[in-house]
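To start, the structure itself, in structure tokens.
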Amino acid sequence: QRVVLMDPSEDPDDILRANRSREKTFVFDMVFDHRATQEEVYVSTTKSLIGGVISGYNATIFAYGPTGTGKTYTMLGTDCEPGIYIRTLEDLFKALEATAEEMDYTVSMSYLEIYNEVIRDLLNPSSGFLDLREDSRGNIQIAGITEVSTTNAQEIMQLLTKGNKQRTQEPTAANKTSSRSHAVLQVMVTQKSRRQAIGEEMRIGKLFMVDLAGSERAAQTQNRGKRMKEGAHINRSLLALGNCINALSEKGGSRAQFVNFRDSKLTRLLKDSLGGNSRTVMIAHISPASTSFEESRMTLIYAYRAKNIKTQV
């Protein structure tokens, strides 16, 4: 359960800095090494959330980390090693079918990306930039997004793979196919009891699966011009997310923290799923390379903070 981050620049013969080691230990719920399979990662991070979604809680899964550490692989996976998206949905459909005798259910999903603070629909890219609106009950809606209702995991895999090809990817010095946007898969499960009862209750559970863009120093990617501007936007939304996480994790403290969800489109969209009745998993990815020591350290600190969030239902 612990990660020990060694400092690659430490010199054993350097007597002056002998006591000032930058070696850090972080403790998490679960730590995987390079031998972990997709199945293992899924079972120990996400599988337990599905029951919650069916009973009307929200759940969110983040993939966070620097470029090239395998976020998209964890979330989308490949055809022979499917990632969290598909495994979660397959299990969700299985669990829903088990309740089919008593419940009518609908599952609708949308797949979007947030790029330079604008929202694009990945299932229908020609629809241009979409707006975030708030309806009368305070739910955040995306005007004009395509919603797909299907309970076939194969169809969904094809849709997601197609949608992922529409994602804004640009080569940077750190990674040939670096995702320059945050991809959000939003699944909404609505259940209604088949028995005609007096108090008709509907359960709505939202499941967000977020593949964040890479968080890395501009110096590492050697970005100039347009790439540099994108990087600034990516870092801005990740910073906004970080600020929300900080405010939420300090909420039990002495002063009442104001949580600024309106700083970026990403945090506004995930407002329900960070605080409130939601279970959130953050899968932090780090690279074992000694050149990315700084990035790994920042990622671990960020994820460690997220661990301290206490939610009130």
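Carbon and sulfur together cover what percent of the accessible area of the stretch 57-113 at a 1.4 Å probe radius?
Working: 1010 of 2050 Å².
Of all accessible area on the stretch 57-113, carbon and sulfur atoms account for 49 percent.
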*Round to the nearest 10 and report in Å² the accessible area of F93, as given by a 1.4 Å probe over the protein chains' heavy atoms.*
10 Å²
_Once you place label points 7 Å from the Cα toward the Cβ at T37 and L239, how far apart are they in nm?_
4.3 nm
*If ligands, DNA and RNA are left out, what is the accessible area of F28 with a 1.4 Å probe, given in Å² to the nearest 10?*
30 Å²
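At 1.4 Å probe size, put H233, H285, H34 in order of accessible surface, largest to smallest.
Values: H233 50, H285 15, H34 155 Å².
So, going from the largest accessible area down, we get H34, H233, H285.
Once fully extended, how much extra length lies between T190 and N152, figured as 0.36 nm per residue of separation less the alpha-carbon to alpha-carbon distance? It would help to have the intermediate numbers written out before the result.
Details: separation 38, 0.36 × 38 = 13.68 nm, distance 1.67 nm.
Contour length minus the Cα-Cα distance gives 12.0 nm.
Residue separation times 0.36 nm, minus the C-alpha to C-alpha distance between N139 and R297: what's the value? Mind dumping the intermediate values first?
Values: separation 158, 0.36 × 158 = 56.88 nm, distance 3.56 nm.
So the chain would gain 53.3 nm between N139 and R297.
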*Round to the nearest 10 and report in Å² the accessible area of I86, as given by a 1.4 Å probe over the protein chains' heavy atoms.*
10 Å²
*Net +/- balance of residues flanking T161 in space, Cβ distance below 12 Å, scoring K and R +1, D and E -1*: +1
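The values are calculated or read from the model by the stated rules, or taken from the named source; none is laboratory data. Owing to the predicted nature of the structure, the values given are computational and were not obtained by experimental measurement. Note that each Cβ is placed from the backbone with ideal geometry, even for glycine, and that neighbours are counted across all protein chains shown. Just so you know, the surface numbers come from the protein's heavy atoms only, side chains and all, with ligands and any DNA or RNA stripped out. Shrake-Rupley method; radii C 1.70, N 1.55, O 1.52, S 1.80 Å.
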